Amino acid sequence: MEQQRRAGPGRPRSQAVRAAILRAALAELEERGYAALTVEGIAARAGAGKQTIYRWWPSKADVVLDALLDTAAERVPVPDEGSLAADLDAFLAATFRQEGQRAVLTGLMAQSVLDPAFAQAFGERFLAGRRAALRGLLERARARGEVDPGADLDLLVDVVYGTLWYRLLVGHAPLGAETGRRLAALVADAARPRHPG
């Protein structure tokens, strides 16, 4: 099943069709919401056959997951600005700038609750990758002496993504680049070396 989820097109023409399908999935999702999203609607918008979609993806959730992975790689690159504060500011401002992504993320999280196989793919292919990117920034800063050797990096990562998901799912407070920047400053301060007085 996992091999089927990861399978993708290989020929150049197939890559163009794949890109059209992923764009169509995001456009349909933005217009209709996740609950009303259908493979038929994606296929019609992309000008592709429904069977083409099912040949590459087992479900609409898997189509959206691939679209999300492409979008995340493009919109939230891993920065190397030379300092933890600057890296966190750039990375978290981009991460929390969620225009048009709320429906995608909440739809995929809802699907992962209903479908254990999809939950595994979502966790391994998206959530783990985003966590690893942030942890990598913290590890790089630790090697430069900017992070306390005893700092719990996994807890700091949880603070960031816990805030993101809580705000996405509950909607009690805004997301946005400014929220990301404030959280970046908080994490940088929590991570900095503590010198005994």
So Leu183, is it aliphatic (A, V, I, L, M) and under 15 Å from Thr95 (Cβ atoms) = yes
So which residues in the stretch 153-168 are closer than 18 Å to Phe96 by Cα and open to solvent by 50 Å² or more (accessible area, probe 1.4 Å), if there are any at all?
-> Asp158, Val159, Tyr166
Say whether the condition of being closer than 16 Å to Ala188 by Cα and not β-branched (Val, Ile, Thr) is met by at least one residue in the stretch 72-79.
-> yes
Could you list all residues from the stretch 95-110 that are more than 19 Å from Ala191 (Cβ to Cβ) and either more than 12 Å from the chain's Cα centre (by Cα) or assigned to a helix (DSSP H, G or I) (or both)?
-> Glu99, Gly100, Arg102, Ala103, Val104, Leu105, Thr106, Gly107, Leu108, Met109, Ala110
Can you name the residue in the stretch 179-195 that is in a loop (DSSP other than H, G, I, E, B) and open to solvent by 50 Å² or more (accessible area, probe 1.4 Å) and is also nearest to Asp87 (Cα to Cα) among such residues?
-> Arg192
Going through (1) over 30 Å from Asp189 (Cα atoms); (2) among the hydrophobic types (A, V, I, L, M, F, W, C); (3) in contact (Cβ under 8 Å) with a residue 12 or more places away in the chain one by one, Ala36 fails only at (3)
Which one is surrounded by the fewest Cβ atoms within 10 Å (Cβ to Cβ), of the residues in the stretch 111-147 that are of a type in the set (Phe, Trp, Tyr) and under 13 Å from the mean Cα position of the chain (by Cα)?
-> Phe126
Selected residue [open to solvent by 40 Å² or more (accessible area, probe 1.4 Å) and at positive phi] from Gly171, Gly176, Gly150 | Gly171
Residues of the stretch 154-177 that turn out to be in contact (Cβ under 8 Å) with a residue 24 or more places away in the chain and in a helix (DSSP H, G or I), as a count = 10
Name the single residue, out of those in the stretch 20-61 being modelled with pLDDT under 95 and acidic (Asp, Glu), that is surrounded by the most Cβ atoms within 10 Å (Cβ to Cβ).
-> Glu28
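The values are calculated or read from the model by the stated rules, or taken from the named source; none is laboratory data. Because the structure is a prediction, the values reported are computed rather than measured. Note that we place each Cβ from the backbone using ideal geometry, even for glycine, and neighbour counts take in every protein chain shown. Heavy atoms of the whole protein, side chains included, go into the accessibility calculation; ligands, DNA and RNA do not. Shrake-Rupley method; radii C 1.70, N 1.55, O 1.52, S 1.80 Å.
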